[in-house]
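Values quoted throughout were computed directly from the atomic coordinates according to the rules given, and no laboratory measurement underlies them. All of these numbers come straight from a predicted model, not from anything done at the bench. So basically every Cβ, Gly included, is an ideal-geometry build from the backbone, and we count neighbours across all protein chains shown.
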Amino acid sequence: MVEATHDVLVVGAGCAGMRAAIEAHDAGADVAVISKLHPTRSHSGAAEGGINAALGNAADDDPETHAFDTVKGSDYLGDQDSIEVFTREAPEDIIQLEHWGAFFSRREDGKLAQRPFGAAGSPRTIYAADITGHVLIQVLYEQLVKRDIRVYEEWFAWRLVENDGRCQGVICWDLMNGGVKLVAGKTVVLATGGAGRLYRATTNAYACTGDGMAMALRLGLPLKDMEFMQFHPTTLFPSGILLTEGCRGEGAYLINSEGERFMQRYAPNAMELASRDVVSRSEQTEIDQGRGVNGSVLLDMRHLGAEKIIERLPGSRELSLVFAGVDPIHDPVPVRPGAHYHMGGVATDTDGLTELTGLYAAGEVACVSVHGANRLGGNSLMETITFGRRAGRAAAEWAQSHTTIDVPASAVADAEREVRTLLDREEGERPWQIRDELGSTMLENFGVFRREHQMAKQIEIIDGLRERYGNVVVEDKGNVFNNDLTQAIELGYLLDLAACMLQAGIARKESRGAHSRPDDYPDRDDENFLKHSITRWNGDGPELSYEEVRMTRWTPQERKY
Ligand SMILES: Cc1cc2nc3c(=O)[nH]c(=O)nc-3n(C[C@H](O)[C@H](O)[C@H](O)COP(=O)(O)OP(=O)(O)OC[C@H]3O[C@@H](n4cnc5c(N)ncnc54)[C@H](O)[C@@H]3O)c2cc1C
C-alpha cells in the first residue's frame, strides 16, 4: 500500500536535504522529507569552522579566485563547470541564509567576518564562532517548519523504487512504530550525507553510513571517485572528534614530540594551512617516523591567548577539555588524522540530476564534483546549500510538469519478505563484529597512505566480511526502535561501498589528493589518471570504468606547497 504521494520526496534532513526541500516548496511543489533522525540531529549540525563564499570582506576576493583555489585543491580532479557554478552562486546563498536569520560572526564594521582556511587564496570562510553547522541547521529547520513541510521523522529509507525508467518512490522502515512503508514521489532527492563510519577513527556520527550511495548503487547507478576519502588532520586523540581547521585558521601550530613546528619541512609556505591531504600526510609521517606522542601530534594554541580562544574557538576548547582532558589555553592538544569527508558519491550534473530520470542527489551523498580528489575546508557546507537549492528547484520543476506516479505493489511485498528473512534468522553472527573489523581494517589498509599489498589484503578482507554478512543475525525481533535491524541494513551498505572504494583505489596507480601511494606511485599521473573513476554494481560486485574530467579554464599545474 502506498502511504502517501508527493511531488518531491527529499531523503535526508541535513543542510542539503532541508535546503532542497525549502527550494522545491518555494517553486510550488508539494514536498516531503524523510529522515532517519530528527532534522536538527543531522550530522551537518556538527560542522564547526565555517562556509566559503567569495564575499571579499576580509581581503580582496572574487568567485574566480575561489574557483581556482578549489580546482587546485581538488588536485585538478574537480569538474570545473560545477566549480564555476558553485563559486558564482555561493555569495547570494550566504546572503539568503543571513536574511533567514543565520547569525554569522561579524567584523567591527558590521560586515560578515571571514577567516583563513587551508589552501584558500583569501580569508573567505564565513563562520558563526565554531558552531557554524549548528546555526545553519537551526535556521533551515525554522524555514522548514514555517512552510509546514511534512517530515517523515525517524523513517529509515531503505530502497529506491524504480518503475518505467523513473525513480518514483522510497521504501522505508518506520523506526518508531515498525513496519515497511512506501512513500511515492514524482521525483526523489537523495541527501543522506557521507559514509565516514567505514572507518574506526572518524569525525562522522553513527548515522553516517552511506545509505543513499548504496541505495543508488543497488539500483544500477554510477558512483564517482569512490577511492577519495579525506582524512582531517586535527581529530582528537583518542575519540576522533573534530577540532576545526578554524583553530589553525586563527593561528594554531602543529608540533611534534621534539616541539618542532614540523610543517616547515613539508609545506614551508602554507605551513599548517596547506590543504588537508598534505597536512594529514605530514602528521602521519611524523607519527610513523617516531616523532609522535602516543600515536598523535600536538596542536598548540597557547600563543593565541585565552581571550581569542574563548571568543573565537569556544567549542574547540570545550571539546578538548571534555574529550581529551586538556585546556588549550594552557597545554597543546593531541590530534591525529581521522576519516572525515567522502569526496566520492552518486554522480550528478550541476542540477543534481543522476543518470536515472526523477532521481536527484545533493550534499555529501553526491559527487557533482566540486571537490575532486581533495575537498577544501568550508566548501562542503557551501556545496550542501548551493547544490541542495539547485537540486530542489530542478526536482520541483520536473515534478510539476509530469503528472503520473505508478509504483508496483510488488515493491512492498519484496521489501517485507526481505525484512522477514533478516528477523526470522535465529542463528548467525552479530553485525557489530563485522562492523568493527571493517572499521579497523579500513583504517589500517586504506587510510592516509595506501600500499598495494595492503589494498590487496583489504579486498580479501572485505570479500570475507561480505560472505559473513550473509549470515548475520538480528537479535531484537521487535518493531519499536529496532536499531539492531537498521544497523544490520547499514552494515550491508558499508560493505558494498568499501568494495567499490578498494577496487577504485587499487586501480588508481598514482598519488592524487587524498589518494596517496608513497611507495609505488608517489606522483600525480595526469597522462593516465586525470579522470574520474566510475563504479557500478554488477551482480555481485563492483565494476570500474573511467570518465573524463570536465575542464573549462584551468590546466593542471605542478604541485607546490
Ligand atoms: C565534525 C565535522 C565538522 C565539519 N565542519 C565543516 C565545516 O566547518 N565546513 C564545511 O564546509 N564542512 C564541514 N564538514 C562537512 C560537512 O559538515 C558535511 O559534509 C555536510 O554537513 C553534509 O551535509 P548533508 O546534508 O549532505 O548530510 P548530513 O548533514 O549528514 O545529513 C544526512 C541526512 O540524511 C538522513 N539519512 C541518512 N541515511 C538515511 C536513511 N537511510 N533514511 C532516512 N534518512 C537518512 C539523516 O537522518 C540526515 O538527516 C564537517 C564534517 C564533520 C564530520
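What's the center-to-center distance, using Cα atoms, between the range 466-482 and the range 273-345 in Å?
First find each Cα centre; the distance between them is then 38 Å.
Would you kindly give the portion of the calculated P(r) for the range 410-548 that falls above 22 Å, as a percent of all Cα pairs? Walk me through the intermediate numbers first.
Numbers: 4640 of 9591 pairs.
For the range 410-548, the fraction of Cα-Cα distances above 22 Å is 48 percent.
State whether the range 133-204 is rounded, prolate or oblate according to the following rule on the C-alpha gyration tensor (a ≥ b ≥ c being the square roots of its eigenvalues): a/c under 1.5 gives rounded; otherwise a/b larger than b/c gives prolate, and the remaining case gives oblate.
Taking the square roots of the gyration eigenvalues as a ≥ b ≥ c, the range 133-204 is oblate.
Find how much the distance from R291 to D26 grows on full extension, using 0.36 nm per residue of separation minus their present alpha carbon separation; answer in nm with one decimal. Intermediate results must be reported in sequence, preceding the final value.
Working: separation 265, 0.36 × 265 = 95.40 nm, distance 5.52 nm.
Net length gain for the segment: 89.9 nm.
Sort I149, I329 so the one with the fewest other Cβ atoms within 10 Å of its own Cβ comes first. Write down the numbers at each step before the final one.
On the way: I149 21, I329 17.
So the residues, fewest neighbours to most, are I329, I149.
Counting Lys +1, Arg +1, Asp -1, Glu -1, what net charge surrounds A411 among other residues with beta carbon under 13 Å of its beta carbon?
Neighbourhood net charge equals -4.
Along the principal axes of its C-alpha atoms, what lengths does the range 123-275 span, in descending order and rounded to whole Å?
61, 37, 29
So, in Å, what gap is there between the alpha-carbon centers of the range 435-462 and the range 187-265?
A separation of 16 Å, based on Cα centres.
Would you order T403, T235 from fewest to most other beta-carbon atoms within 10 Å of each residue's own beta-carbon?
Going from least to most buried by this count: T403, T235.
Please name which of L438, F104, V407 has its Cα lying farthest along the dipole of the chain towards the positive end, using unit charges on Cβ (Lys, Arg +1; Asp, Glu -1) and the Cα centre as origin.
Final value for the positive-end residue is F104.
Only bridges whose two residues both fall in the chain count here: according to DSSP, what percent of them are antiparallel, nearest 5?
Antiparallel bridges make up about 65 percent of those DSSP assigns within the chain.
How would you rank I461, I310, going from fewest to most other Cβ atoms within 10 Å of each one's own Cβ? Mind showing how you got there, number by number?
Working: I461 19, I310 12.
Ranking I461, I310 by Cβ neighbours within 10 Å, fewest first, gives I310, I461.
Based on the alpha-carbon gyration tensor of the range 233-337, what equivalent-ellipsoid semi-axes (square roots of 5 times the eigenvalues) come out, in whole Å, largest first?
20, 15, 12
Name the shape class, rounded, prolate or oblate, that the alpha-carbon gyration tensor gives for the range 2-45, where a ≥ b ≥ c are the square roots of its eigenvalues, rounded holds for a/c under 1.5, and otherwise prolate holds if a/b is larger than b/c and oblate otherwise.
oblate
Using the basic label-point model (7 angstrom from Cα toward the beta carbon), what is the D540 to D81 distance in nanometres?
With each label point 7 Å from Cα toward Cβ, the separation is 3.9 nm.
Using 7 Å Cα-to-Cβ label points, what is the F103/F68 separation (nm, one decimal)?
The answer from the label model is 3.8 nm.
What is the packing order of peptides 426-432, 190-196, 470-476, 60-66, taking the mean over residues of other C-beta atoms within 10 Å and listing the highest first? The partial results should precede the final answer.
On the way: 426-432: 12.7, 190-196: 32.1, 470-476: 14.4, 60-66: 17.7.
Descending mean neighbour count gives 190-196, 60-66, 470-476, 426-432.
Given the Cα-Cα distance of N177 and E475 and 0.36 nm per residue of separation, how much length would full extension add, in nm?
Details: separation 298, 0.36 × 298 = 107.28 nm, distance 1.78 nm.
Net length gain for the segment: 105.5 nm.
Calculate the dipole size of the range 410-548 relative to its Cα centre from +1 charges on Lys and Arg beta carbons and -1 charges on Asp and Glu beta carbons; express the result in debye to the nearest 20.
200 debye
What full-extension length gain, to one decimal in nm, is calculated for E426 and Q96 as 0.36 nm per residue of separation minus the Cα-Cα distance?
113.5 nm
Counting alpha carbon pairs within less than 8 Å and at least 6 residues apart, what relative contact order, in whole percent, applies to the range 410-548?
Normalised by residue count, the contact order of the range 410-548 is 23 percent.
For the range 268-358, what is the charge dipole size about the Cα centre, in debye to the nearest 20, if Lys and Arg each add +1 at the Cβ and Asp and Glu each add -1 at the Cβ? Spell out each step's value before the answer.
Numbers: 8 positive and 14 negative charges, 62 e Å.
That gives the range 268-358 a dipole magnitude of about 300 debye.
If a paramagnetic tag sat 7 Å from the Cα of R147 along the Cα-Cβ line, which residues of the range 33-57 would have the backbone N under 15 Å from that point?
Flagged as within label range: 33-34.
Against the globular-protein guess of 2.2 N^0.38 Å, express the Cα radius of gyration of the chain as a ratio, rounded to two decimals. Let's see the in-between values first.
Working: Rg = 22.4 Å, N = 561, 2.2 N^0.38 = 24.4 Å.
This ratio for the chain stands at 0.92.
Assigning unit charges at the beta carbon (Lys, Arg +1; Asp, Glu -1) and nothing else, what dipole magnitude in debye, to the nearest 20, does the chain show about its Cα centre?
With only Lys, Arg, Asp and Glu charged at Cβ, the dipole is about 560 debye.
What number do you get for the range 455-506 when its Cα radius of gyration is normalised by 2.2 N^0.38 Å, N = residues?
Against the compact-globule rule of thumb, the ratio is 1.35.
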